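The values are calculated or read from the model by the stated rules, or taken from the named source; none is laboratory data. Keep in mind the model is a prediction, meaning the values are calculated, not measured. Glycine also receives a Cβ, built like all others from the backbone with ideal geometry; neighbour counts cover every protein chain displayed.
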């Protein structure tokens with residue numbers, strides 16, 4: 001009997017060449033497909049909610065696939081987590097209607113980007129934050145975040161190399177929060193993201209935190225639709241795909 005499954009996946013992206021399957025490299029999709037195919041004794045092809053780049057982590061990546069099996073979803077989850085030797089964990093596995101698709105059924109995604117803002121770097125957890133030793137102006141960064149919210153053309157924050165019909169996206173939330181004295185997080189939720197969009201926004205917001213970019217300048221960068229106007233791409237290691245939302 002053909003069943004459709006929805007997986008919610010957590011992974012440490014440090015040692016992977018991103019999500020998408022690549023013949024010569026270790027990827028999250030590739031490793032999951034190997035384990036699932038072994039358990040189900042049939043080829044499995046995952047449809048992910050979207051790609052994450054090399055070094056980017058996920059707390060709530062979503063993938064779907066179809067398989068001819070009567071195996072209960074919880075047994076499948078347990079089997080994957082038992083056999084998987086790399087830092088990939090299924091946090092949930094459910095049977096869903098055959099109309100469900102991890103990418104096309106999604107209505108929004110939320111990313112979090114973490115910054116360690118203090119003089120000294122960290123010895124523990126260094127693969128999960130961007131260490132910035134200079135003090136950042138949170139108020140200035142949040143003023144710039146106000147310009148991000150809404151429907152805009154985000155071409156200034158897109159890196160080349162990913163096909164897309166449009167560079168217009170709707171951002172439902174964008175804000176900087178302080179987690180403690182040293183740790184900051186940029187939270188952003190949108191109906192979709194361009195290649196490296198979150199990391200490019202983060203790099204430009206850090207420029208604002210240094211006083212190099214004012215809120216008015218940030219609006220000009222957005223309106224320019226030119227990648228050269230925006231800041232540098234923030235390192236991959238601070239970025240987490242927090243969750244994917246469905247209607």
Taking the range 85-97 and keeping only residues that are within 18 Å of residue 26 (Cβ to Cβ) and part of a loop (DSSP other than H, G, I, E, B), one is left with 85, 86, 87
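For the range 98-119, give me each residue that is part of a loop (DSSP other than H, G, I, E, B) and under 21 Å from residue 176 (Cα atoms). Explain how you work it out, then say what you get.
Taking the range 98-119 first, the residues part of a loop (DSSP other than H, G, I, E, B) are 98-105, 118-119.
Within the range 98-119, 118, 119 qualify.
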Filter pass, residue 182 being in contact (Cβ under 8 Å) with a residue 60 or more places away in the chain and closer than 30 Å to residue 78 by Cα: no
Screening 198, 206 for residues that are in a helix (DSSP H, G or I), in contact with a strand residue (DSSP E or B) (Cβ under 9 Å, 6 or more places away or on another chain) and farther than 19 Å from residue 50 by Cβ leaves only 206
Checking 36, 71, 59 in turn, the sole residue that is farther than 19 Å from residue 162 by Cβ and surrounded by 18 or more Cβ atoms within 10 Å (Cβ to Cβ) turns out to be 36
Within the range 143-154, residues surrounded by fewer than 18 Cβ atoms within 10 Å (Cβ to Cβ) and within 20 Å of residue 169 (Cβ to Cβ) come out as 146, 149, 150, 151, 153
Those residues of the range 49-76 which are over 23 Å from residue 14 (Cα atoms) and free of Cβ contacts under 8 Å to residues at least 60 places away in the same chain amount to 71, 72, 74, 75
* To do: Return yes or no: is residue 82 more than 27 Å from residue 237 (Cβ to Cβ) and in a helix (DSSP H, G or I)?
  => yes
Restricted to the range 221-236 and to residues being within 30 Å of residue 11 (Cα to Cα) and touching a strand residue (DSSP E or B) at 6+ places or on another chain (Cβ under 7 Å), the residue surrounded by the fewest Cβ atoms within 10 Å (Cβ to Cβ) is 235
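In the set 218, 157, which member is over 18 Å from the mean Cα position of the chain (by Cα) and surrounded by 17 or more Cβ atoms within 10 Å (Cβ to Cβ)?
Result: 218 is the single residue among 218, 157 that is over 18 Å from the mean Cα position of the chain (by Cα) and surrounded by 17 or more Cβ atoms within 10 Å (Cβ to Cβ).
Does residue 188 satisfy being out of contact with any helix residue (DSSP H, G or I) (no Cβ under 8 Å at 6 or more places or on another chain), buried (at least 23 other Cβ atoms within 10 Å of the Cβ) and either in the same structural domain as residue 54 (by TED's automatic domain parsing) or closer than 19 Å to residue 51 by Cβ (or both)? Write out each step before concluding.
Numbers: out of contact with any helix residue (DSSP H, G or I) (no Cβ under 8 Å at 6 or more places or on another chain): no; buried (at least 23 other Cβ atoms within 10 Å of the Cβ): yes; either in the same structural domain as residue 54 (by TED's automatic domain parsing) or closer than 19 Å to residue 51 by Cβ (or both): yes.
No; evaluated as a whole, the condition is false for this residue.
Against the condition farther than 22 Å from residue 220 by Cα and either touching a helix residue (DSSP H, G or I) at 6+ places or on another chain (Cβ under 6 Å) or modelled with pLDDT of 95 or more (or both), how does residue 179 come out, does it pass?
Numbers: farther than 22 Å from residue 220 by Cα: yes; either touching a helix residue (DSSP H, G or I) at 6+ places or on another chain (Cβ under 6 Å) or modelled with pLDDT of 95 or more (or both): yes.
Yes, satisfied.
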Those residues of the range 1-49 which are within 23 Å of the chain's Cα centre (by Cα), in a strand (DSSP E or B) and closer than 16 Å to residue 64 by Cβ amount to 5, 6, 7, 8, 9, 47, 48
